[in-house]
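The values are calculated or read from the model by the stated rules, or taken from the named source; none is laboratory data. The structure displayed is predicted, hence computed values, not measured ones. Positions of Cβ are generated from backbone atoms using ideal geometry, with glycine treated the same way; all protein chains shown enter the neighbour counts. Each accessible area value is taken on the protein alone, full model and side chains, heavy atoms only, with ligands, DNA and RNA left out. Shrake-Rupley method; radii C 1.70, N 1.55, O 1.52, S 1.80 Å.
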Amino acid sequence: MSEETTNIDFVIPPGHHDNTRLDKYITGFVQNATRVKVQAAIKEGHVKVNRKLEKSSYKVQPGDIIKIVLPKPPPPEAKAEEIELNIIYEDDHVIVVDKPAGMVVHPAFGNWSGTLVNALLHHTKNLSSSNGHDIRPGIVHRLDKLTSGLLVVAKNDKAHTFLSEQFVSRRISRTYQAIVWGTPEEAEGTFTGNIGRSNRDRKIMAVVNDDQGKSATTHFKVIEYFDHLGLVEIKLETGRTHQIRVHFSHFNHPVFGDTTYGGDSVRYGANSGSRKKMFEHLFKKLNRQCLHAKTLEFIHPETQKIVRFESELPGDFNNVLEKLRRLCKP
């Protein structure tokens, strides 16, 4: 057993021939397990049969090796930590933060400390609790760990509810900038496609069938062209997990540097000699995807007026841009 997981391994014994579903078998085998929790663990990729992911409906067979790796429950509350924050704006109701790449938004499995929430708790005791999670006070929306840019945080429950309703009704406007491999055929366009857990790897997301996942719409505009790459401006109509990264990867334009969705290798153009070495150096130095939440616009929960904030591209993102502008112009 590791510090952050509970590991359970067992083998289906010889002579087992009653065609039992995987979720039912595990529920009966593991003490204090419930069918709902077991199904969730299978869906989230914490269960493997013979080193492969299977669905809850899989019928176990004699000799099957089942391995369960469950994350330990989170601590009851997040702790305040003295961590530097780049606060763009703050009043009695909201905080707008420019999050650096590498910072997780709130405590979770594998990241119980060093998060944006830990830093916010040191900065102020006034954070909303209306999301019902002591380890996520104030958090209305999130950015991926390796994505930089703007987030709005609620300082009280009234503000949290008001902002959450704007996200649901799609009245909050967010634009991102990203460097992507290749360039879409049209200078402006829209990607659509439901997003859900990948059937190949439950730990990542994918574009799935219309009867699965959740609908997602991503608008884009190419604002600068390079040799087999492009700088794009992106506007989200929906806010699904990894939406930008999944949509661009699915349509063969993965975000530059994205190790999860195929952007950390040369996808277009020559992959040899000095060009290959240049990109390998950029990947190593960047160590994240080139994706930045650049603008954020919403109705202020107290004044009822539209407020807009903008963040400059961070240094590591700009370094890639400058290199492409010097050496990769079309």
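Ordering W181, W112 from largest to smallest accessible area (1.4 angstrom probe), what's the sequence?
Details: W181 0, W112 70 Å².
Heavy-atom accessible area, descending, gives W112, W181.
Which residue fluctuates the most in the chain, going by a Gaussian network model with Cα springs under 10 Å, if the choices are G15, G189, G149?
G15
At what distance in nm do the modelled label points of V36 and T238 sit from each other, each positioned 7 Å from its Cα along Cα→Cβ?
2.5
How much area per residue is accessible in the range 180-279 when the probe is 1.4 Å and only protein heavy atoms are counted (Å²)? Walk me through the intermediate numbers first.
On the way: 4870 Å² over 100 residues.
Roughly 49 Å² per residue, with all protein chains present.
What are the equivalent ellipsoid semi-axes of the range 39-124, built from the alpha-carbon gyration tensor (square roots of five times its eigenvalues), in whole angstrom, biggest first?
Values: eigenvalues 329, 30, 23 Å².
Whole-Å semi-axes of the equivalent ellipsoid: 41, 12, 11.
Can you list residues whose amide H is under 5 Å from E81's amide H, if they're 5+ apart or on another chain and H is modeled 1.01 Å from N?
Excluding prolines and chain starts, which carry no amide H, the hits are A119, L121, H122.
Rounded to the nearest 20 Debye, what is the dipole magnitude of the chain about its Cα centre when Lys and Arg each give +1 and Asp and Glu each give -1 at the C-beta? List each step's numbers first, then the result.
Numbers: 46 positive and 39 negative charges, 195 e Å.
My answer is approximately 940 debye.
Report the number of Lys pairs in the range 156-249 whose alpha-carbons are under 26 Å apart, with separation of 8 or more residues or on distinct chains.
Details: K203/K214; K203/K235; K214/K235; K221/K235.
Number of lysine pairs found: 4.
Rank these by accessible area, largest first, 1.4 Å probe: H219, H17. Could you put the intermediate results ahead of the total?
Numbers: H219 65, H17 150 Å².
So the residues, ranked largest to smallest area, are H17, H219.
In whole percent, what relative contact order does the chain give with Cα contacts below 8 Å and a gap of six or more residues?
Numbers: 677 pairs, mean separation 45.6, N = 330.
Value for the chain: 14 percent.
Could you give the size of the charge dipole of the range 210-330 about its Cα centre, using +1 on the Cβ of each K and R and -1 on the Cβ of each D and E, expressed in debye and rounded to the nearest 20? Display every interim value, and only then the final one.
Values: 19 positive and 15 negative charges, 106 e Å.
Taking the Cα centre of the range 210-330 as origin, the dipole is about 500 debye.
Per-residue accessible area for H123 at 1.4 Å probe radius, Å² rounded to 10?
Counting only protein heavy atoms, the figure is 80 Å².
Out of T190, T147, T303, any idea which swings most in a Gaussian network model of the chain, alpha carbons joined below 10 Å?
Comparing T190, T147, T303 in the GNM, the peak value goes to T303.
Note the listed values (i) 22.3, 70; (ii) 21.5, 65; (iii) 31.5, 104, then indicate which one is Rg and Dmax of the Cα atoms in Å calculated from this particular structure.
Computed from these coordinates, Rg and Dmax of the Cα atoms in Å corresponds to label (i).
Using a simple spin-label model with points 7 Å from Cα along the Cα→Cβ vector, what separation in nm is obtained for I65 and R170?
Each label point is offset 7 Å from its Cα along the Cβ direction, giving 4.8 nm.
Given the options P100, P62, P254, state which has the largest fluctuation in a GNM of the chain using a 10 Å cut-off (strictly under) for Cα springs.
Its mean-square fluctuation being the largest, the pick is P62.
Not counting ligands, DNA or RNA, and with a 1.4 Å probe, what is L121's accessible surface area in Å² rounded to the nearest 10?
40
With every protein chain left in place, what is the accessible area per residue of the range 1-94 in square angstrom, probe 1.4 Å? Display every interim value, and only then the final one.
Working: 6290 Å² over 94 residues.
I get 67 Å² per residue for the range 1-94.
Protein chains only, probe 1.4 Å: how do R197, R51, R136, R170 rank by accessible area, largest first? Let's see the in-between values first.
Working: R197 90, R51 215, R136 65, R170 120 Å².
The most accessible residue leads, giving R51, R170, R197, R136.
Could you work out the relative contact order of the range 150-210? I mean the mean sequence separation of Cα pairs under 8 Å and 6+ apart, divided by the number of residues, in percent. Each step should come with its number before you reach the end.
Numbers: 30 pairs, mean separation 10.6, N = 61.
Relative contact order, the range 150-210: 17 percent.
Would you work out the charge dipole size for the range 121-207 about its Cα centre, treating the Cβ of every Lys and Arg as +1 and the Cβ of every Asp and Glu as -1, and quote it to the nearest 20 debye? It would help to have the intermediate numbers written out before the result.
Numbers: 13 positive and 8 negative charges, 89 e Å.
Charge dipole, the range 121-207, about its Cα centre: 420 debye, nearest 20.
If you roll a 1.4 Å probe over the chain with all protein chains in place, what percent of the accessible area is carbon or sulfur?
Numbers: 8100 of 17320 Å².
On the chain, the fraction of accessible area on carbon and sulfur atoms equals 47 percent.
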